[in-house]
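So the structure is just underneath, and the comments pick up after that.
No lab work stands behind these numbers, since they all come straight from the coordinates. From a predicted model like this one, the values you see are computed outputs, not experimental measurements. Cβ sites come from the backbone with ideal geometry, for glycine too, and all protein chains shown count toward neighbours.
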């Protein structure tokens, strides 16, 4: 049954990123890093995996002459996260 869990999302850090973005809609790099207790490099690596799979979108802009990078979940990411949660619920029901 665990084979039906989305391996891209199931990894702890990526699940945290997806959950935070689903809850908040959008988050900056620094906020994600702090809330998930990840290093810059580790967070960046997980964000790249999620972007490669088109689960999240990145926006870079300048605010008061300072760069700001924000992330939000894509429609594909919303669907994948919903399917992941459904699969997880089915798995948990099957083992209880």
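The mean sequence distance of close C-alpha pairs (under 8 Å, at least 6 residues apart), as a share of the length of the range 1-70, puts its relative contact order at 27 percent.
Under a Gaussian network description of the chain, with springs only between Cα atoms under 10 Å, the residue in 35, 27, 74 that fluctuates furthest is 35. Computed over the chain with a Gaussian network model linking Cα atoms closer than 10 Å, the most mobile of 33, 60, 48 is 60.
Net length available on complete extension from residue 45 to residue 19 is 7.7 nm, with 0.36 nm assigned per residue and the Cα-Cα distance removed. Label-to-label distance for residue 78 and residue 34 is 2.8 nm, based on points extended 7 Å past Cα in the beta-carbon direction. How tilted is helix 12-24 with respect to the longest principal axis of the chain? Cα atoms for both, answer in degrees (0 to 90, nearest 10). Value to nearest ten degrees: 70.
For residue 70 and residue 10, what does the FRET efficiency come to when R0 = 22 Å and r is the distance between their Cβ atoms, rounded to the nearest 0.05? Don't skip to the end; give the middle numbers.
Numbers: r = 24 Å, r/R0 = 1.11.
So, using R0 = 22 Å, E works out to roughly 0.35.
Once both labels are positioned 7 Å from their Cα atoms along Cα-to-Cβ, the gap between residue 53 and residue 85 label points is 1.7 nm. Against the set (i) 27; (ii) 43; (iii) 16, the structure's computed percent of Cα pairs over 23 Å apart falls on (i).
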